[in-house]
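A quick write-up on the structure given underneath.
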Ligand code: IVH
């Protein structure tokens, strides 16, 4: 919600003439805005159209410009209503990652087994991990240069965060200066900003007394306090910080995580007192139970335990899978549950045509957040639960995941309920809804004629991880689609030309807001290849896969050509595609099917006329002896696992393939190599043993 649009709309009362009237009007609008904020940010249910919100919000700003004391306790000063472009951005020197989750002992055992497999260790070799509580706050990266705090940045999208340096200056858990034994050049310390439960309750009491908005939970309070545009407000909020990790370092600080924690503790950082060295799954489970028991008595929220491989050298070898490290995992505590009643069951149609049933609920608080919708996933799930409208149900909410209905309380079922009849047609376009064999999802068969799918695809196209067009949110996409201005993605880039003049005059808009939108559209006329591929919304192609494809093919032209050619069975292009680590036949099939559709190729051609898709820069390892080479691993490897070898080779700029061809540069063969070795010898491919490979890449 931006505060840009004009305020001449009929919903906004006349501009008052006296101060007393202004105060009165300000109070009334402020109350309404707080109600809207609560509905939008906490209940996830907007009460008014954006234009109306914006017009009212704008009036607050106008009144405050005339009578600045009205700013005190105004929603214009609170987060949840902060202008989107308030903070400067900081690019992280090392990305800020997330963690994979474990929910059971089996998941923990798997985690340890995966590590051993990757490192080619025997099933019983010791793998030491450090366990520490997972703090439910916001991660923060602190950068020190010359031992002096220079910047503090939020996680943001992991690559780029918000500059909150001024806001952390007053957090007493964060040292401003590092001692003499810290490296002089660069030290980045990472950890969690949080608010203690006791401080959160006190803050909410004060908020209530001063007419401020109460926060839903300590995490929101911490986020709202840290992300204050006015650092003097931040300074008054009781924020705390636990340090647990690092980003860029000009020299290594320790050999193990355990030593690292001890060292930064000496520097004055607060580390969690429940940090423990653990040796095996039994140790881990005992620690998990122990902390779980302590959980209700702690003065801060935790949502699980994080386990990290202790040895930094092993961490380095283990590396990352897309956005999370292989060497760490978050073991979550069970989800919080609550009971409430189902008011209705609605069907949502997604961008791939999936029909998702959603339970509309009597609002209920679960884990500090008001929930009024829960997903029912699909037709089978509704049948499994036997859920009906008006049933009393148990819902659960874990972390950031969408709340789910887990159980129906049959004893409490009202007399007059009926089984829910899942529709056989799409509620949005009336087309037949079908289920493919073996699939859980019912899909609308309307394809291009289904407006719901079209609109969802467009929303996906502009979303944060895709084109990320500021000011072109879901609401505007819906409005422009309704008006018939935007039908396909390229239309977005033509809107200034085709409907610019009309937009400037549209209710709720104006020259200024229209200009701002055009500017943010124009900013996105150059787009990295991975974002472009992701934005297309091809089934199964998420961010991680889009990145893999972009890195592998390098340019839009190469990628398009390869996807076209891969449609031919038994082609090199198809083999090459399936040979990409983590791309299986299913994903390959969806890519090929997408490119086989003439309509999709038209969309791509059209987009190419309005924007430039940037090539992927070659990895900065061009001086590695294997960069640009194609390598195949075969036989039983003993010094490393096949996966580790593959990851390492790729990090050095080599391509790893699954089969030998004339294009292969090296075959690395362990004992027992068979047909591949024979073929390599026939084709004159250089054959190395494991040690030979290690020597080659060590050059
Ligand atoms: S380590 C590369 N340790 O959890 C791993 N994260 O899901 C970096 N978090 O964004 C994270 N307590 O905000 C780590 N003791 C802890 C943590 C922790 C909370 C948060 C952190 C991160 C998220 C990952």
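The values are calculated or read from the model by the stated rules, or taken from the named source; none is laboratory data. Keep in mind it's a predicted model, so treat the numbers as computed, not measured. A quick note on method: Cβ atoms are made from the backbone with ideal geometry, for glycine too, and the neighbour counts reach across all protein chains shown.
Worth pointing out:
- Failed condition for residue 607, given (1) in a helix (DSSP H, G or I); (2) more than 20 Å from residue 454 (Cβ to Cβ); (3) under 27 Å from the mean Cα position of the chain (by Cα): (2)
- All of (1) within 16 Å of the ligand (Cβ to nearest atom); (2) free of Cβ contacts under 8 Å to residues at least 60 places away in the same chain hold for residue 207 with one exception: (1).
- Segment 631-652 residues that are without any contact (Cβ under 8 Å) to a residue 40 or more places away in the chain, paired with ones that are surrounded by fewer than 19 Cβ atoms within 10 Å (Cβ to Cβ) and in a helix (DSSP H, G or I) (beta carbon under 6 Å, 6 or more apart): 633/642
- Scan of segment 120-139 for residues that are more than 11 Å from the ligand (Cβ to nearest atom) and not in a loop (DSSP other than H, G, I, E, B), ordered by number: 129
- Output for segment 665-699, where each listed residue is touching a residue at least 12 places away in the same chain (Cβ under 8 Å) and on the phi > 0 side of the Ramachandran plot: 672
- Selected residue (criterion: nearest to residue 316 (Cα to Cα)) from residues of segment 618-645 that are modelled with pLDDT of 85 or more and outside any loop (DSSP other than H, G, I, E, B): 644
- Annotation for segment 204-213: no member residue is crowded, with 17+ Cβ neighbours inside 10 Å and either modelled with pLDDT of 95 or more or under 26 Å from the mean Cα position of the chain (by Cα) (or both).
- Of the residues making up segment 455-488, those that are outside any helix (DSSP H, G or I) and farther than 23 Å from residue 157 by Cα are 483, 484, 485, 486, 487, 488.
- When segment 136-163 is filtered for residues that are buried (at least 19 other Cβ atoms within 10 Å of the Cβ), within 23 Å of residue 98 (Cβ to Cβ) and out of contact with any helix residue (DSSP H, G or I) (no Cβ under 6 Å at 6 or more places or on another chain), the ones remaining, listed by number, are 139, 140, 141, 142, 143, 153, 154, 155, 161.
- Number of residues in segment 349-383 that are in contact (Cβ under 8 Å) with a residue 40 or more places away in the chain, surrounded by fewer than 19 Cβ atoms within 10 Å (Cβ to Cβ), in contact with a helix residue (DSSP H, G or I) (Cβ under 9 Å, 6 or more places away or on another chain) and in a strand (DSSP E or B): the value is 2.
- Any hit, segment 392-405, residues being surrounded by fewer than 17 Cβ atoms within 10 Å (Cβ to Cβ) and touching a helix residue (DSSP H, G or I) at 6+ places or on another chain (Cβ under 9 Å): no
- Matching entry among 328, 344, 289, 359 (being modelled with pLDDT of 95 or more and within 30 Å of residue 184 (Cβ to Cβ)): 328
- Helices (runs of 4 or more DSSP H) fully within segment 517-586 that include at least 2 residues being within 23 Å of residue 456 (Cβ to Cβ): 529-535, 543-553.
- For first residues located in segment 239-264 and over 19 Å from residue 181 (Cβ atoms), partners that are away from the ligand (no atom under 15 Å from the Cβ) and lie 6+ apart or on another chain with Cβ distances below 6 Å form the pairs 239/171; 239/225; 241/171; 241/174.
Here's the yes/no breakdown for (1) touching a strand residue (DSSP E or B) at 6+ places or on another chain (Cβ under 6 Å); (2) more than 15 Å from residue 236 (Cα to Cα):
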site: 138; (1), (2): yes, yes
site: 153; (1), (2): yes, yes
site: 172; (1), (2): no, no
site: 189; (1), (2): yes, yes
site: 207; (1), (2): no, no
site: 210; (1), (2): no, no
site: 213; (1), (2): no, yes
site: 216; (1), (2): yes, yes
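- Residue match in segment 57-65 (condition: modelled with pLDDT under 80, in contact with a helix residue (DSSP H, G or I) (Cβ under 7 Å, 6 or more places away or on another chain) and farther than 19 Å from residue 509 by Cα): no
- Residue check for residue 98: within 16 Å of the ligand (Cβ to nearest atom), under 21 Å from residue 401 (Cβ atoms), in contact with a strand residue (DSSP E or B) (Cβ under 7 Å, 6 or more places away or on another chain) and touching a residue at least 12 places away in the same chain (Cβ under 8 Å): yes
Residues checked against (1) at positive phi; (2) surrounded by 14 or more Cβ atoms within 10 Å (Cβ to Cβ); (3) in contact with a helix residue (DSSP H, G or I) (Cβ under 9 Å, 6 or more places away or on another chain):
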| site | (1), (2), (3) |
| --- | --- |
| 464 | no, no, no |
| 473 | no, yes, yes |
| 483 | no, no, yes |
| 490 | no, yes, yes |
| 494 | no, yes, yes |
| 499 | no, yes, yes |
| 502 | no, no, no |
| 507 | no, yes, yes |
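- Being surrounded by fewer than 16 Cβ atoms within 10 Å (Cβ to Cβ), touching a helix residue (DSSP H, G or I) at 6+ places or on another chain (Cβ under 9 Å) and at pLDDT 80 or above is a condition met by at least one residue of segment 102-110.
- When the criteria are applied in full, residue 571 meets the requirement of being within 24 Å of residue 660 (Cβ to Cβ) and either surrounded by 19 or more Cβ atoms within 10 Å (Cβ to Cβ) or without any contact (Cβ under 8 Å) to a residue 60 or more places away in the chain (or both).
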